[in-house]
Amino acid sequence: MNAAPRLTICATCGRQDLRITRCAGCKSVGYCSTAGPARKLGGLATRRNASASRGRRRPLRRRQSSWKHGKSTRKLPLARSRSAARAFPTRWLHFADRPETAEHRFRARMNLGEVLDYLRVDDEEADAILCECVATGHRAFGATRTFTIRAEQVLAVNLAKKGRPEQERARAMLTRIFAAYVNHFGPEHELTLFVLGHLADVHRRMGNFVKAEELIRQRLAAWRRTKGENDYKTIEARTNLVGCLLKQEDKCASARAEYAGLVPLAERVLGPEHRIVRYLRQPEYQALNRG
């Protein structure tokens, strides 16, 4: 017996349709989510749900993140391989002819630049696309809009992986973004803490280990208050703190105290094959137990 057709709900405009890859309302590609089985009544596909007849919409079910297996928890639809990344230029071309003030065009362009940077397909093209997105955001939406700030954050993370001049620029951008997020979301919001982690990483790459340690401890304390001791984000922040302390010769005792009990906790919560557990098993970390 053939399975019943499934309705999809566009995450952009909320339109319900039997289409899977493209919304018939806003023409967005790849942003439709499955809503559930449908049945035909009088030639029309309708939701098999009593609440639909009363005008209420069932809330979308978000996809659960699989952080226990070491996968990324980022919400953007980042590709996992070079072959999968071929879909993003196609999505961009779908919105390329729209005006630069169109939000869908801006998001598609930024996603393309982020994917190219993530997969290291073409660093120069990724830099050019992200710089163009930042300029477009300032010109079309303003410096305080979420789109512009998000584009600046992606560009700053990309610049942090380069040389010293680019890292100085990334540090200034992330400092400004962190202050904006603190004012808008609060000091313990997840987006704020993510930017704080990027800022600490920039200071670590630049050799400012004292400042990096201060920011990592601030982030770790916030994760402990909001997520608890056994959460993935708390364990990751503790791992970053141990790595930062090892870079400072006079902080070996503090690194040893922070490292104590971290590996058993990570193995119990994340599993023995998680990337963080494998990272903590490196010889330079295991030497802390013998010290």
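In region 203-291, with Lys and Arg counted as +1 and Asp and Glu as -1 at Cβ, which of these residues, Leu280, Tyr259, Thr234, has the Cα nearest the positive end of the dipole, that is, farthest along it?
Final value for the positive-end residue is Thr234.
Through the Karplus equation 6.51 cos²θ - 1.76 cosθ + 1.60, θ set to phi - 60°, convert the phi angles of region 193-208 into ³J(HN,Hα) values in whole Hz; use x for Gly and Pro.
Taking θ as phi minus 60°, the curve returns 6, 5, 5, 4, x, 5, 5, 5, 5, 5, 4, 5, 5, 7, x, 8 Hz for region 193-208.
Averaged across orientations, what area in nm² does the convex hull of the alpha carbons in region 132-291 project?
Values: hull surface 40.5 nm².
Mean projected area of the Cα convex hull: 10.1 nm².
What distance in nm lies between label points placed 7 Å from Cα along the C-beta direction at Leu265 and Arg217?
For Leu265 paired with Arg217, the spin-label model returns 1.6 nm.
Distance check, please: which entries in Lys161/Lys227; Lys161/Lys251; Lys227/Lys247; Lys211/Lys247 exceed 23 angstrom between their Cα atoms?
Details: Lys161/Lys227 29 Å; Lys161/Lys251 26 Å; Lys227/Lys247 27 Å; Lys211/Lys247 12 Å.
In this structure, Lys161/Lys227; Lys161/Lys251; Lys227/Lys247 exceed 23 Å between Cα atoms.
Going by a ≥ b ≥ c, the root eigenvalues of the Cα gyration tensor, does region 122-200 fall in the rounded group (a/c under 1.5), the prolate group (a/b larger than b/c) or the oblate group? If you can, show how the numbers build up before the last one.
Numbers: a/c = 2.19, a/b = 1.23, b/c = 1.78.
Here region 122-200 falls in the oblate category.
What distance in nm separates the simple spin-label points at Gln248 and Glu188, each placed 7 Å from Cα in the Cβ direction?
2.5
Every number in this text was worked out from the coordinates using simple rules, so none of it is lab data. What you see is a predicted model, and the numbers here were worked out from it, not measured in a lab. Because the Cβ atoms are built from the backbone with ideal geometry, glycine has one as well, and the counts that use them run over all protein chains shown.
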